[in-house]
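Okay, structure first, notes after.
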Amino acid sequence: MTTDNEGKLGRRNFLKMTTTGAALLAAGFVSESTYAEEGKSPGETNVSDSPSVKKVELLFLGTGAADWGMKYPPLEKKLGRGEVRGMSSMLVNGHILIDCGPTVLDVMKRYNVDPAGITDILLTHTHADHFHQDTLLAITDARRDAGLAPLRFWAGPEALKRVPESCRVETCPVVIGKTFKMHGFGVTGLESNHFVSPKEKCLIYLVEGASKNFLYATDSSWLLTSTWRYLMSKKLDVLIWDATVGEGKGDYRIFEHNDFAMIRHMNQTLTNRKILKPDAKIILTHMARTLHPAHNQLEKKLLPEGLIPAYDGMSVVLD
C-alpha cells in the first residue's frame, strides 16, 4: 500500500476493497497498479463453459463525464487524487478495456499500462467521450507492432458501424441479454437508460467470474425494467455506478444520468432483494467537473455511507 506517488509505479499495488480498505482510502492512501509485465505476452480470450476467473483486478483509466477536457495533462505534471478526470474507462485484469475515449491512452502512459496487452474492448456506446477512433487504432497498432493477434471489439450492432475497417480489428456484436465468454469471464451486455440515437442502444456490462461479479453501469440513469429483471437472479460483489450529477436537485441530466439520491434508492432496493452481497462495494464514476466538489470532499462525505468515489489510477482487487 502506498500513498500518493504518481511517479513511482515499479510494482503492482492493489487496494483490496474491504471495510479496512475503505478506511485507508478515507485516510488518504492510494492504490496504484502497473499492468505491463516485462517478458510476458498478454493472454488471449479463454472460452469455457462456465466462468473460471477467481481474481478480478479493476483499474480506473478515467472517471470523468464529458465536461472534463478531451486532453489529459502531460506526464511531467503531478496530479493529486481526483484533481483531473479522464473520460470514463476501466481496465479488467490487464486485458479487457471498457470504453476507449480520447484520454485513455494518456492515462495508460501515466500508470504504465501497455496498450498491446489489451485483447478486447467492450464499448458502452459511441458518444465522443467513450469512443474515439484514434484511440482504437493506436491500440490495434500497438498489438500489430508486438506481433499479436487482432483486437476484438465488442459493441452493439449499430455501434459497430462506426468502427474503422482494419484487418487488425475483429468486430464482435453484443446481443442484449446474451452472455459471451472472455478470458474466463461471462460477459452480458444489458440495456442502459441513456439515449444515443434512435437505432443505437447504450449498454452496461455484467461481468461474472467464478466467484466475483461486477456491474459496470455508466452511462446510465435508473435501471430499465428489462435490465432490473435480468439482475434479479444475480449476486454482485461490486457495483460501479454512473454518478454524473452528484447531489444536484432538479438537474435535467437525471433523465439519463444518476444523482446521489437515485443511487441511494437503487442501492437500498438491490440490498433488500439480496442482489448486492452483504460486503458489496459501491464505486462511483463518470463524475461531472461542474457538478461535484473536490475529491477529498467527496471522500469525506461519501465513504462513511459506503459509497466510494473513484479516481483515475485507482485499482481494486477482488479475490
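None of the figures in this text is laboratory data; all of them are computed from the coordinates on show. Worth saying up front: this structure is predicted, and the values here are computed from it rather than measured. Every residue, glycine as well, gets a Cβ built from its backbone with ideal geometry; the counts of neighbours run over all protein chains shown.
Close amide H contacts of residue 213 (hydrogens built in the peptide plane, cut-off under 5 Å, sequence separation of 5 or more or a different chain): 237, 238. For the range 60-76, 3J(HN,Hα) computed residue by residue from phi via the Karplus equation (6.51, -1.76, 1.60; θ = phi - 60°) reads 7, 9, x, 10, x, 8, 6, 7, 7, x, 7, 10, 9, x, x, 4, 6 Hz, glycine and proline entered as x. A protection proxy built from the mean count of other Cβ atoms within 10 Å ranks the segments 248-258, 56-66, most packed first, as 56-66, 248-258.
Each of the peptides 184-193, 106-115 was scored by the mean count of other Cβ atoms within 10 Å over its residues; in descending order, highest first, they stand as 184-193, 106-115. In the P(r) worked out for the range 92-148, what percent of Cα pairs fall beyond 14 Å? More than 14 Å apart: 51 percent of the Cα pairs in the range 92-148.
Of the residues 307, 265, 290, the one whose Cα sits farthest toward the positive end of the charge dipole of the range 250-319, with +1 on the Cβ of Lys and Arg and -1 on the Cβ of Asp and Glu, is 265.
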